[in-house]
1. Is it true that some residue in the stretch 19-28 is free of Cβ contacts under 8 Å to residues at least 24 places away in the same chain, surrounded by fewer than 11 Cβ atoms within 10 Å (Cβ to Cβ) and part of a loop (DSSP other than H, G, I, E, B)?
2. Taking interchain pairs and intrachain pairs at least six residues apart, which have beta carbon atoms under 6 angstrom, with the first residue in the stretch 134-154 and farther than 20 Å from Tyr110 by Cβ and the second surrounded by fewer than 23 Cβ atoms within 10 Å (Cβ to Cβ) and small (Gly, Ala, Ser)?
3. Looking only at the stretch 29-37, decide whether some residue is modelled with pLDDT under 95, aliphatic (A, V, I, L, M) and either under 20 Å from Gln119 (Cα atoms) or surrounded by 17 or more Cβ atoms within 10 Å (Cβ to Cβ) (or both).
4. Sort through Gly205, Gly181 and tell me the only one that's in the same structural domain as Asn258 (by TED's automatic domain parsing), assigned to a helix (DSSP H, G or I) and more than 16 Å from Ala238 (Cα to Cα).
5. All but one of (1) exposed (fewer than 13 other Cβ atoms within 10 Å of the Cβ); (2) closer than 30 Å to Phe154 by Cβ hold for Ser102, so report the exception by its number.
6. Quick test of your reading of the structure: Phe289 fulfils all but one of (1) farther than 30 Å from Thr357 by Cβ; (2) surrounded by 15 or more Cβ atoms within 10 Å (Cβ to Cβ); (3) over 19 Å from the mean Cα position of the chain (by Cα). Name the failing condition by number.
7. When residues of the stretch 242-260 are filtered for being over 17 Å from Glu170 (Cα atoms) and either touching a residue at least 24 places away in the same chain (Cβ under 8 Å) or part of a loop (DSSP other than H, G, I, E, B) (or both), how many remain?
8. Kindly indicate which of Gly171, Gly225, Gly181, Gly186 is within 11 Å of the ligand (Cβ to nearest atom) and modelled with pLDDT of 95 or more.
Amino acid sequence: PEFVKKLQASFTSDSTIHIATVQDLANKNITTQNATNTWTWTATNISDVTCAVSNHYDWDAASVLVDDKAHRRVAVQAAFADGSEDFHHYVQFARNSLDWFSHNLPGVPYPFPKTTSVQGFADMEYPMMVNDSHETDLVFAQLVQDHEIAHTYFPFYMGTNESRYAFMDEGWATTFEILIGTAERGKKAADDFYKQFRVTRWIHGPHEKEQPIITPSPDVTFGAGNNAYGKPSLSYLALKDMLGDDLFKKALHVYMANWNSKHPIPWDYFNSMKAGSGKNLDWFFYNWFFTPYYIDIDLDKVDKTSGGYTLSVKNIGGFAVPFDANVTYADGTTETFHQTPIVWEKDQKLAVINIKTSKEVKSIVLDGGIFMDANEKDNKWVAN
Ligand SMILES: [Zn+2]
């Protein structure tokens, strides 16, 4: 009863309650001392069930408000070896994850009654549970936990087939990973990690081996991880850049409302995003999902016009990416002109961009940020 009382208190507590500590474990009285005990779990609207049992793990718990309208709180628990410093933070890390995902993006209240982080060896997601390895780097530990918890929505809430369409869940978890990472650590740290972990490994080729993202995962013969994680994640972020945050979220909610628990396939995603945004996105989805493209833009030509400058940007790699045109004027001042992927709508091989200015331009550099360029040497123009 003593431990049940602590568990019940955690259901309304923001701060972490230590349900079973090292001392409690040493006393060996946490469960009723019968020859055998039986536990019964009940779950509804769950695509799969996983269970972990330990006779030597600490057990922490708290809860977090995920649905403001319904005043619904979700239980947040962790089970781990006492010596794992990172896991002592996991209840609060997970509270932050559930809060952020519920209130920002995807912006759908966490759909299950509970989440538990269990120390294991997998870095793997399950409905209502993540199994993470012990990490000595707390920043990386939080990032992995954020990623695995993000899978709550894709694939579990939606019911996507992760074996056939890995990009429909890993691509999203990777996208939420950088978005929540930006909130936690700032844009530069989140971008740097994403570049190093999700883009650098494939952006320099060999490009002739690229396969379209739409390729069913079992048939991908090269760069399976890139097709599952980095490339689709960039497509989701490119779409967000093009539609803007509000319209992107609105369209995403149409997709999630239409298809949660109904096992959507890629075409359900495409159609829902088109319906939800009210835009014809066929060209965009064709560009990102049905081609063996990569990222390489080329600042081919800069012409002076009466109102400023015209930039001719060739798309060598093919993907419809956003980028910044960073302009340095002759007077030493600088200005950034952001271009969303809409610049590729009419002609996916050539974008013509007008920059309005009365000032003399000294140089222009195109910078895609996390949309890393395979060849940055052709991204710069300097006035004669
Ligand atoms: Zn994942």
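The values are calculated or read from the model by the stated rules, or taken from the named source; none is laboratory data. All values derive from a computational prediction rather than experimental measurement. Quick reminder, even Gly has a Cβ in these numbers, built from the backbone with ideal geometry, and neighbours come from all protein chains shown.
1. Step one: list which residues in the stretch 19-28 are free of Cβ contacts under 8 Å to residues at least 24 places away in the same chain, which gives 23-24, 26-28.
Pick out the ones that are also surrounded by fewer than 11 Cβ atoms within 10 Å (Cβ to Cβ) and you get 23, 26-28.
In the following step, the residues that additionally are part of a loop (DSSP other than H, G, I, E, B) were identified as 28.
Yes, the conditions are met somewhere in the stretch 19-28.
2. Listed by first residue and then by second, the contacts come to His134/Ser84; Glu135/Ala141.
3. Yes: one or more hits.
4. Numbers: Gly205 fails: assigned to a helix (DSSP H, G or I).
Only one candidate qualifies: Gly181.
5. Only one criterion is unmet by Ser102, namely (1).
6. (3)
7. 10
8. Details: Gly225 fails: modelled with pLDDT of 95 or more; Gly181 fails: within 11 Å of the ligand (Cβ to nearest atom); Gly186 fails: within 11 Å of the ligand (Cβ to nearest atom).
None of the other options fit; the residue is Gly171.
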